[in-house]
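Values in this text are rule-based calculations from the coordinates and carry no lab data. What you see is a predicted model; the values in this text were computed from it and never measured. Note that we place each Cβ from the backbone using ideal geometry, even for glycine, and neighbour counts take in every protein chain shown.
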Amino acid sequence: MNVVIAQSDLVTAYGWGIDALWNGLLGGETAIAAIDRFAERGFTSDQAAVIPDLEVDPNGSRVMAMLNRLLTPLIGKLDPMTPLILSTTVGEIDYVERSILQGHAELAAEARPQVMLARIKALLQLRGAGMVISSACASSSMAVTQAASLIRRGDEKAVLVVACDAVSEFVYSGFSTLHSLCAAPARPFDESRNGLTLGEAAAWALVVSDDLQSDVSTTPPTPALRYSEEPDRPPKPDSSDYLRPRDPGILKSPPRESKTSILGWGNTTDATHMTAPDRNAGGLSRAIGKACSMAKRQADEISFIAAHGTATIYSDAMEMLAFGNTIPKPKPVFSIKGGVGHTLATAGLLQILVAGRAISRGVVPATVGLRSPDPAAIDWAHTMPAPIGRAPLALSTNSGFGGVNTAILLGEGNQA
Amino acid sequence: MIRAVAWYCAQDYGVFMPGGRSWQKPSPAFSATADILALIDRPVKYFGRLTTESRLGLCAASVALRATGWQESTNREIGIISSTPDGCLRDNREYFQDYVDSGRTLGRGNLFIYTLPTSVAGEIAIALGLVGPCMFVQDDARPLTSLARHAQRLVADGEADQMLALWSDSRFALCLAIDSIEGDNPIFALLADSQSAPSQLIRDLQTMVSKA
């Protein structure tokens with residue numbers, strides 16, 4: 001069974017929607033800038049990629065501020081029994097910060113992942129299964145693989161994946177402590193790279209089986225977007241309304257552009273170190289091999305790579321080593337983190353959605369901030385957008401603390 | 001198939017194996033490092049640095065792995081998924097409280113690395129050489145069966161040859177050893193009955209093992 005991403009939406013520091021992200025990456029201007037939120041803290045950087053027009057309830061959380069706006073157009077559009085997978089690393093960490101800074105210990109409980117899951121289910125009026133999946137900076141790509149698995153095995157027809165993480169004092173201080181932050185905007189795969197820049201983002205993707213996907217561009221839509229006939233459900237609205245967004249942003253792109261096929265994946269662990277990558281790139285290399293094996297494709301068929309590309313010295317080097325280990329000839333590699341920063345749990349889903357856009361547009365973005373590729377990235381990472389051929393095969397990779405790795409192979413929506 | 005269920009808590013630890021040798025023993029104190037490390041088949045340099053959840057989880061996972069004998073075979077990819085009642089809330093609070101107490105400029109790296117829900121599973125993967133998938137999964141409605149089914153699906157998808165499914169809090173850890181999707185053995189019924197209180201499952205296991 002072929003599994004596709006039928007619909008999606010996102011917000012990054014470039015703004016709301018995939019168009020803002022895509023145009024920002026193609027334009028080559030970074031959305032990373034100096035922020036004054038932590039000015040007096042003395043961290044090793046003042047750079048971050050934050051959402052500029054986000055209105056945050058002082059009693060709420062930054063991630064829910066993103067999700068409230070991002071998910072509101074979906075309210076009432078989904079089958080209430082659609083399963084939900086929430087992917088985040090620290091989620092509503094604002095509550096932990098406030099519980100300590102304001103001395104209200106009871107607030108911390110609001111930061112539990114299942115509380116956030118319940119908030120999102122309530123917002124979307126969902127009554128089906130709900131699950132939190134977290135795996136450091138590979139969280140949302142891993143969540144997408146698990147959604148695809150549920151569909152491929154016939155356990156579900158559609159799964160909604162929601163990913164989010166925000167720039168917080170909690171996370172910023174931690175990465176500052178680890179000396180992982182770059183004092184200037186991050187430069188993935190550049191010979192002068194020396195650290196990452198944190199970013200914030202949220203995204204959702206409706207993952208469905210392709211027999212349902214074929215209905216998306218027509219009406220009636222997929223069961224995931226359809227009210228059932230059960231008597232206790234809301235009355236069925238006019239079918240032409242199913243895919244008509246309340247906010248046009250939800251379907252800004254033509255339906256064809258939202259079709260991205262999930263062809264195969266691999267999830268592995270380095271089992272070497274909590275924060276440092278395996279210098280032999282064994283874990284990520286195995287993940288890429290597994291993804292190719294599941295997709296029944298050869299690594300030399302890969303057309304381009306949406307890499308994790310954090311811009312730390314060792315992580316980028318590990319990724320390039322994995323690509324060299326597994327892919328016989330150089331392919332265009334890009335990282336979105338020079339544009340939108342490292343968005344933690346959301347990073348993988350953003351990459352998948354950008355890769356999907358690249359597939360539909362026939363062009364691979366350059367890496368924002370890249371000036372002179374590291375010797376290991378020469379012929380792979382590029383400073384200008386690169387054209388790709390027909391029926392491209394995309395590889396998206398993520399790695400994170402704990403030595404986790406994910407590799408996903410993506411194709412056009414009707415490519416099985 | 002769930003091949004083994006191991007548990008570890010302050011009072012005792014043990015393993016229940018359907019059709020196999022089940023046993024339980026008094027637990028050594030964490031301060032008795034040599035006794036603890038004897039439970040683990042690989043050298044663990046940093047046991048004293050691990051969080052309580054990681055220590056309990058590592059001990060339970062080690063007992064489960066040793067009972068199955070899986071690591072005696074080479075080229076096996078074993079993964080681990082973990083679940084807790086509240087993510088890593090306690091570790092998050094500990095890191096941020098320490099950072100605030102220290103003047104709100106510099107945190108402690110060795111506390112920060114435990115502020116991810118996967119930190120426990122990540123440490124266990126490193127300690128035991130588990131190179132399959134590693135993720136945190138939380139399903140409040142049916143925490144134990146969901147964990148087991150998720151692990152089964154990872155094996156069925158070919159993501160791992162075997163999976164450990166760990167449920168832990170600051171008092172105890174449970175570890176299921178799962179190697180195939182076939183077979184709803186009696187442990188599933190126990191899991192379903194213990195959804196609201198995983199500690200109940202430990203009591204059931206203790207009773208079953210003592211009667212065996």
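Observations on the model:
- Filter pass, B:G57 being more than 9 Å from every other protein chain (Cβ to nearest Cβ) and either of a type in the set (A, V, I, L, M, F, W, C) or part of a helix (DSSP H, G or I) (or both): yes
- The residues of region B:96-120 that are facing chain A (nearest Cβ under 7 Å) and assigned to a helix (DSSP H, G or I), listed by number, are B:F96, B:Q97, B:Y99, B:V100, B:G109, B:F112, B:S119.
- Criterion (within 14 Å of another protein chain (Cβ to nearest Cβ), touching a residue at least 40 places away in the same chain (Cβ under 8 Å) and out of contact with any Pro (no Cβ under 8 Å at 6 or more places or on another chain)) met by exactly one of A:C182, A:C137: A:C137
- Tally of residues being part of a helix (DSSP H, G or I) and either of a type in the set (G, A, S) or within 19 Å of the chain's Cα centre (by Cα) (or both) across region A:309-333: 6
- Residue that is nearest to B:R66 (Cα to Cα) [pool: residues in region B:130-145 that are more than 7 Å from chain A (Cβ to nearest Cβ) and not aliphatic (A, V, I, L, M)]: B:T145
- Test: residue in region A:104-118 that is touching a residue at least 60 places away in the same chain (Cβ under 8 Å) and charged (D, E, K, R): no
- Only one entry of A:L26, A:L67 meets the criterion of being more than 11 Å from every other protein chain (Cβ to nearest Cβ), part of a helix (DSSP H, G or I) and over 30 Å from A:A129 (Cα atoms), and that entry is A:L26.
- Pick from region A:63-103, criterion hydrophobic (A, V, I, L, M, F, W, C) and in contact with a Phe, Trp or Tyr (Cβ under 7 Å, 6 or more places away or on another chain), ranking: nearest to A:A138 (Cα to Cα): A:V90
- Of everything listed in (1) closer than 30 Å to B:D157 by Cα; (2) part of a loop (DSSP other than H, G, I, E, B); (3) among the acidic types (D, E), the single unmet condition for A:D36 is (1).
- Of the residues making up region A:15-53, those that are more than 22 Å from A:A311 (Cα to Cα), in contact with an Asp or Glu (Cβ under 9 Å, 6 or more places away or on another chain) and free of Cβ contacts under 8 Å to residues at least 24 places away in the same chain are A:D36, A:A39.
- Matching residues, region A:341-378, being within 19 Å of A:G411 (Cα to Cα) and assigned to a loop (DSSP other than H, G, I, E, B): A:G362, A:P365
- Test: residue in region B:115-125 that is under 21 Å from B:I2 (Cα atoms) and not small (G, A, S): yes
- Here the condition is being out of contact with any strand residue (DSSP E or B) (no Cβ under 8 Å at 6 or more places or on another chain), farther than 20 Å from A:I288 by Cα, more than 7 Å from chain A (Cβ to nearest Cβ) and of a type in the set (A, V, I, L, M); of B:A127, B:A148, it holds for B:A127 alone.
- In region A:150-168, the qualifying residues are those that are β-branched (V, I, T) and outside any strand (DSSP E or B), and the one that is nearest to A:V4 (Cα to Cα) is A:I151.
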